[in-house]
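Bear in mind that the values in this text are calculations on the coordinates, not laboratory data. Everything numeric here is computed off the predicted structure, so don't read it as measured data. A quick note on method: Cβ atoms are made from the backbone with ideal geometry, for glycine too, and the neighbour counts reach across all protein chains shown.
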């Protein structure tokens, strides 16, 4: 009998932010901004195939940039604690500024803790991005 693969789930969060896509792109790609909203120290550049590491007191996340279309789409793998997932940001101009959509895909049903953690964390991260950018020129 074949071994069954657990079903994979995805977390999707959207936030309409009163900032242009260019400012949100900087928040997602420039290390000093990433560190401010994600609370992790990144070795990151938005270059396709470039590996990165983000460190925090609790450990590290490693990955590789999959897609980098400035002001539109950023995607990278996210590997930590046995979870292999993909994070994709989509920036769409909106009447208010920019609709920022984040999708983290690849949560096995066997990793409920990681899935619930992401469901709680991403809205907080997007709020932190919005708050950080509100104070930027």
Where the centroid of each part is defined by its Cα atoms, how far is region 11-60 from region 106-121 in Å?
-> 20
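Pairs of Cα atoms under 8 Å, at least six residues apart: use those to get the relative contact order of region 24-87, whole percent.
21
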Measuring from the longest principal axis of the C-alpha atoms of the chain, the long axis of helix 112-134 (C-alpha) lies at a number of degrees, nearest 10, equal to 10
Highest GNM mean-square fluctuation, the chain, Cα pairs closer than 10 Å: which of 73, 90, 109?
-> 109
Work out the FRET efficiency for residue 45 and residue 105 from their Cβ-Cβ distance, taking R0 = 22 Å, and round it to the nearest 0.05.
-> 0.45
Counting other beta carbons within 10 Å of each Cβ, put 125, 113 in order, fewest first.
-> 113, 125
How do the peptides 10-19, 53-62 rank, highest first, by the average count of neighbouring beta carbon atoms within 10 Å per residue?
-> 10-19, 53-62
If you line up the Cα atoms of region 9-134 on their principal axes, what length do they span on each, largest first, in Å?
-> 40, 26, 25
